[in-house]
1. Taking 37 °C and 0.692 mPa s as the conditions, I'd like the Stokes-Einstein D for the chain in µm²/s, using the Kirkwood hydrodynamic radius from alpha carbon pairs.
2. Listed highest first by mean packing, meaning other Cβ atoms within 10 Å per residue, what order do 313-324, 6-17, 237-248 come in?
3. Cα centroid distance between region 39-114 and region 315-343, in Å?
4. Given all pairs of different Cα atoms, what value in angstroms does the Kirkwood hydrodynamic radius of region 36-185 take?
5. Sorted by packing (mean other beta-carbon atoms within 10 Å per residue), highest first, where do 220-233, 268-281 land?
6. About the Cα centre of region 231-343, what is the dipole size in debye to 20, counting +1 per Lys and Arg Cβ and -1 per Asp and Glu Cβ, all else neutral?
7. Enter the Cα centre distance for the pair region 10-36 and region 246-297, rounded to the nearest angstrom.
8. With charges only on Cβ, +1 for K and R and -1 for D and E, what is the dipole size of the chain about its Cα centre, in debye, rounded to 20?
Amino acid sequence: MQLDLDIDESSSIPKYIQIVKAIKGMIVSGVLNYGDKIPSINNLSADYYLSRDTVEKAYTILKKQGIIESVRGKGYYICHHSNLSKYKILLLFNKLSAYKKEIFNSFLIALEDRADIFFHIHHCEYDLLKKILEQRKEEYDFFVIMPHFKKDCESKAIDLINALPKEKLILLDNNLDEIRGCFGSVFQDFKQDIYNALKQLHSKLLKYQKLILVFPFHSNYPYPENILLGFKKYAVEAGLEYKIISEVDASLTIQDKEAYIIIEENDLVNLIKIARRSKGLKIGKNIGVLSYNETPLKEVLEKGITVISTDFAKMGKLTAEMILTRQGKQIKNDFKVIERESL
């Protein structure tokens with residue numbers, strides 16, 4: 001049987017997942033029925049100019065889910081032993097960013113079209129969180145929430161989350177001690193992660209006379225203050241002079257043998273601009289730069305920016321696996337250092 005696939009070349013959804021979704025959709029709509037033969041891997045790849053690996057990956061997922069079966073010497077057939085109903089997941093991020101997109105994409109791919117995702121941004125605001133959670137709350141199978149909130153509303157937001165059924169709850173990125181019960185979590189340990197990263201870079205940091213953490217206290221999207229604790233712990237143990245500032249602006253004067261730890265992209269850009277205007281000062285030579293979260297740009301900027309980052313793709317994948325296995329676990333996500341010439 002010829003399949004009528006609509007492959008979107010511009011979509012962020014991988015083509016093999018698009019094939020899975022299309023075949024399931026044809027079963028639900030009655031276009032494909034039990035026992036129907038579908039094209040071979042070679043024929044489907046030729047019909048739609050797809051790589052053989054792409055089609056094979058889609059068929060492997062469909063076989064694993066009990067949607068199709070292969071009969072030796074004859075081909076692939078719809079067997080449809082599986083329940084095609086999907087999990088309904090409320091996915092709540094605190095904000096949009098390149099890193100959050102990486103989590104979302106890996107989460108979506110790992111679910112292999114077994115869930116409908118209802119995606120919202122709460123912008124660290126209690127009122128918006130409350131409004132989102134109160135709409136059709138009973139319909140969701142899982143609540144996946146990034147619990148980053150402003151200080152003045154954090155306790156109320158935690159009360160809202162505590163009221164959710166814990167067997168349906170997965171916290172993402174941030175783990176709050178105040179949230180009680182048995183629930184799933186894939187989190188960063190913000191204090192220990194930065195401490196361990198700085199320890200790993202200790203021999204390079206000793207070349208500088210002062211460490212400066214640029215922590216955006218006044219950001220609309222607050223960052224975990226445990227980052228400050230981990231930074232201070234390392235600096236004190238290492239016997240290094242340190243300073244914490246809230247931003248890098250045009251008034252900042254940088255000095256020889258200072259190392260900067262940057263969280264926000266704008267501060268990184270401003271620091272690079274200031275360094276370029278400063279005579280005798282060069283990033284990677286007498287000014288050190290260490291930045292949170294990897295982006296392709298940081299690999300090429302100023303001969304490369306040293307980065308510390310959690311594994312965002314793994315965070316999304318682990319969360320999806322927790323849903324598919326229905327096993328709530330507390331998992332600390334991996335954190336890594338990518339060393340380049342800026343430090």
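The values are calculated or read from the model by the stated rules, or taken from the named source; none is laboratory data. Everything numeric in this text was worked out from a predicted model, so none of it was measured. With ideal geometry, Cβ positions are generated from the backbone for all residues, glycine too; neighbour counts draw on all protein chains shown. The area values use the complete protein model at the heavy-atom level, side chains included, leaving out ligands, DNA and RNA. Shrake-Rupley method; radii C 1.70, N 1.55, O 1.52, S 1.80 Å.
1. Once the numbers are plugged in, D ends up at 144 µm²/s.
2. 313-324, 237-248, 6-17
3. First find each Cα centre; the distance between them is then 22 Å.
4. For region 36-185, the Kirkwood estimate is 18.0 Å.
5. The most tightly packed comes first, giving 220-233, 268-281.
6. Dipole size: approximately 140 debye.
7. With region 10-36 and region 246-297 each reduced to a Cα centre, they are spaced 49 Å.
8. Charge dipole of the chain: 680 debye, to the nearest 20.
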